[in-house]
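Engineer: Encoded as structure tokens, here's the structure I'll be asking about.
Coordinate-derived values only; no laboratory data. Owing to the predicted nature of the structure, the values given are computational and were not obtained by experimental measurement. Ideal geometry is used to build each Cβ from the backbone, glycine not excepted, and the neighbour counts take in all protein chains shown.
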């Protein structure tokens, strides 16, 4: 079983969008997927409620109020996490994850908040022992803007953490979310550019670089 977590203590960074798209990608390829919503806002569960019955099944779990169990037959568990987690809470989440993706928005506030958060993650023993792997993505970027280039430079300077992709700001994500779908489930001709930006993320998740050292 693979466990993938989307994590950032900063609210509004697009964690739910990234988590639902990862879940829908693996489900649409025949995997048994569980989407664990740890956020009291329950954005992922609302997305699942809108999902058409004819699409690949994704099991939703509300983990915002306590413990839960992952069935043995699950192939992928994808976690969406809440904002404003600190200290021991971060460590508790890291114990559940093999692979972590941290989305960062192109804004000075988000970049400033990302630095101490990423440092806190890197101090965790599981990260140091490579029992859990972490990667960064730039999210909701307007291409060829100054702040986009500033974020790109900022993330590339965090050399201890791989920076794997830039996701553009695209209405395709909203169109998919309204229907309970992922970007991979829309007509290919509509989302070709978006899929190209997701390719490095999927390659990382499917590679040994994202998995624990055994």
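Engineer: I need to check one value: relative contact order of the chain, counting alpha carbon pairs closer than 8 Å and at least 6 residues apart, in percent. All intermediate terms of the calculation are to be shown ahead of the outcome.
Structural biologist: Values: 386 pairs, mean separation 53.3, N = 214.
This gives 25 percent for the chain.
Engineer: What distance in nm lies between label points placed 7 Å from Cα along the C-beta direction at residue 129 and residue 152?
Structural biologist: Result: 3.9 nm between the two label points.
Engineer: Counting each pair of different Cα atoms once, what's the Kirkwood radius of segment 50-101 in Å, rounded to one decimal?
Structural biologist: Details: mean 1/r = 0.0747 Å⁻¹.
Kirkwood radius, segment 50-101: 13.4 Å.
Engineer: If you compute Kirkwood radius over Cα pairs in Å for the structure shown, which of (1) 16.9; (2) 17.3; (3) 19.8 do you land on?
Structural biologist: Checked against the structure: label (2).
Engineer: If you average the C-alpha positions of segment 131-151 and of segment 87-125 separately, how far apart do those two centres end up, in angstrom?
Structural biologist: Their Cα centres are 14 Å away from one another.
Engineer: Let me ask something else. Quote the relative contact order of segment 1-99 in percent (integer), defining contacts as alpha-carbon pairs under 8 Å separated by 6+ residues.
Structural biologist: Values: 170 pairs, mean separation 44.8, N = 99.
RCO, segment 1-99: 45 percent.
Engineer: Could you work out how far the C-alpha centroid of segment 39-75 sits from that of segment 169-214, in angstrom?
Structural biologist: Cα centroid of segment 39-75 versus Cα centroid of segment 169-214: 18 Å apart.
Engineer: Hey, in the GNM for the chain with a 10 angstrom Cα cutoff, which one of 46, 185, 89 fluctuates hardest?
Structural biologist: Of 46, 185, 89, the Gaussian network model singles out 89 as fluctuating most.
Engineer: Still on this structure, please answer the following. What nm distance separates the two modelled labels at residue 28 and residue 62, each placed 7 Å from Cα along Cα→Cβ?
Structural biologist: Placing both labels 7 Å beyond Cα along the Cβ direction yields 2.8 nm.
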